[in-house]
Every structure is written in structure tokens, then in C-alpha cells.
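Below: one structure, written as C-alpha cells.
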Amino acid sequence: MILLLNIGNTNLTCGLYRQRIFADDYIPIRQLTGEKEVFRFFHRFLQNSDVSMDEIEGTVLSSVVPEKTALLRHAAESMFHSEPLLICRQTDWEFDSSTYSGVLGTDRLLCCSAALQKYPPPLIVVDFGTATTLNVIDETRAFTGGVILPGVTTGLRALVSGTSQLHDVSFRKLNSAIGKNTTECMLSGATFGTAYMLEGFRKRIQQELGAAATVVVTGGNAKDVIPSLNFSIHYEPTLLLEGLALQANRLRMASENKVKAL
């Protein structure tokens, strides 16, 4: 059994994989200030999943928060007595991303990797997280770039911090575009603004690709935005963990091949 870990800007997401992902959970990374907190979370997650520590054969870890990477890596190694496999840009991906310059988060790559296992390209892979990212895979299965925008909750917080009369709002689905009070007006902007943004980018990206693209959506805020979309999408709530599971499978196959060669 493999423990899957992804350190995001807001949460540590984890899953258990054995032929399929059968358990997942998350914790805000601000709560993980030291190894004791990490151990406590791991113990609770395994207990809730009815899994013992001895059943964990290895750990696959990805991170977009470098200052938390060493903490999780050391905690996982101490608890499960094996060094975690750290996923990075230089990992052996099944698609080409060489035309993209600059920092490219492993979360984006993992989601694209998992989406390619399920759907034929071209693809627009959308992750509604701390940032909203649109990631484009062209018809040759190459990662060609994408879009990065503030996430819906990040945008709401920025709006509150930059104004004197707006208050904190917890993001949730809204059925009407016409807000009847300040809270509803803010939620309308976050919900429908995000939905129409995605519709516009979808049209523009397809124009630039010269082909229709399948839209695959994931992320914690996705389910509240999806009802406001006016086009077909594929919702994959565990897409990132599935990308980590693919890397776990590659690790296992490489290890088995090495043993056979010996």
C-alpha cells in the first residue's frame, strides 16, 4: 500500500493507494508546525482508514511549498522507515513540457498526467485550488502552457483586504447572479465570475489550438462552480492523487524490473 502526499499552498492532501485510491483526507498546512503534528495527522488518517503503519510500503510526495517539504519528507521517513519518492519537474513524465519556461508546479503536472490516462487530447485541465489554473495539453500530448488566476477564496480574501466596507465571506454555491445583499453580491462575483471566466478561456484556448478540447475539472472549489457552467466538463475530484498513484506504479514497475535484471 502506498501513501500519497501533496503539499499545496493551503492544504496537505493525502490518500492511500492499492490498485485504486480508497481513502483520502486533508489538513491545513498552517497546522503542521512540526513533526508531532504531522505524526498525529498520519495516525488519525490511518486509524480512520482502518490501515496499520506496517501496511505502508512506501510514500510518494509532491509539493509546491518548499519550506514544508523537508518537514513532511523527514516525518514520513521516520514513521514508515523508507525514503519518500519526491516528485519534481525532472520526474520522468509521459508528456513533453520542455516548451514551458519558468516554475511549473508538480500539482499541475500530476493533474495533467492523470487526465491523459482517462481522456484523449487536446485537454484543458482546470484545478480550482488556492490558485485557479488552466493547463493545456495539445493534440500531440505535449504540455503547452496555461493560465494562472487567483482562486475563488483567494480572490474573496483579496477583495476584503483591499476594501473598508466588505466583510469576510465563506465561499459557497449561489443560484442567482443578482445578489440581494452584500454577501450574495460577493458570492455572485466569485461563482459566476469564475464560471464565465472559464467559459471565455475555453473558447480562446480552443481557437489558439485550432481544435475542440475536453475540459477536465478538479480542486476543492470545483463542485460549487460547476453548476454555473454552460458547457460539458468532466469532474475528477481525486485527479491529483491519481497522478501521484501513477508515479507510485512507475516506481513499483521500475523496482520490479531492476530485481529481474539482477
>> For Kirkwood radius over Cα pairs in Å, one of (1) 20.8; (2) 19.7; (3) 18.9 was computed from the structure I shared and the rest are decoys. Which label?
In response: (2)
> D for region 80-190, whole µm²/s, Stokes-Einstein with Kirkwood Rh over alpha-carbon pairs at 25 °C and 0.890 mPa s: what number?
Replying inline: 148 µm²/s
> Which residue, THR154, THR99, THR194, has the most motion in a Gaussian network model of the chain that connects Cα atoms within less than 10 Å?
Replying inline: THR99
>> Taking all protein chains in place and a 1.4 Å probe, what share, in percent, of the accessible surface of region 1-153 do carbon and sulfur account for?
In response: 48 percent
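So, R0 is 30 Å and r is the distance between the beta-carbons of ASP54 and GLN31; what FRET efficiency does that work out to, to 0.05? Present the calculation step by step, with values, prior to reporting the outcome.
Numbers: r = 26 Å, r/R0 = 0.88.
Step by step, r from the Cβ atoms, then E = 0.70.
Output the peptides 27-35, 39-47 sorted from most to least packed, where packing is the average of other Cβ atoms within 10 Å over each peptide's residues. Walk me through the numbers on the way to the answer.
On the way: 27-35: 13.7, 39-47: 15.6.
The packing order, highest mean first, is 39-47, 27-35.
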> So what's the angle, to the nearest 10 degrees on a 0 to 90 scale, between helix 239-261 and the longest Cα principal axis of the chain?
Replying inline: 20 degrees
> Any idea what the relative contact order of the chain is, in percent, if you count C-alpha pairs under 8 Å spaced at least 6 apart?
Replying inline: 17 percent
> Using a 1.4 Å probe, what is the accessible area per residue for region 120-195, in Å²?
Replying inline: 48 Å²
>> Treating region 1-103 as a set of equal point scatterers at the Cα positions, no solvent, please give the Debye-formula log₁₀ I(q)/I(0) at q = 0.14 Å⁻¹.
In response: -0.54
>> How far apart, in nanometres, would the label points at SER170 and VAL103 be if each is projected 7 angstrom from Cα along the Cα-to-Cβ direction?
In response: 3.1 nm
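The values are calculated or read from the model by the stated rules, or taken from the named source; none is laboratory data. Just so it is clear, the structure is predicted and the values come from calculations on it, not from any experiment. FYI the Cβ positions are ideal-geometry reconstructions off the backbone, even for glycines, and counts take in every protein chain you see. The accessibility values were calculated without ligands, DNA or RNA, using every heavy atom of the protein model including side chains. Shrake-Rupley method; radii C 1.70, N 1.55, O 1.52, S 1.80 Å.
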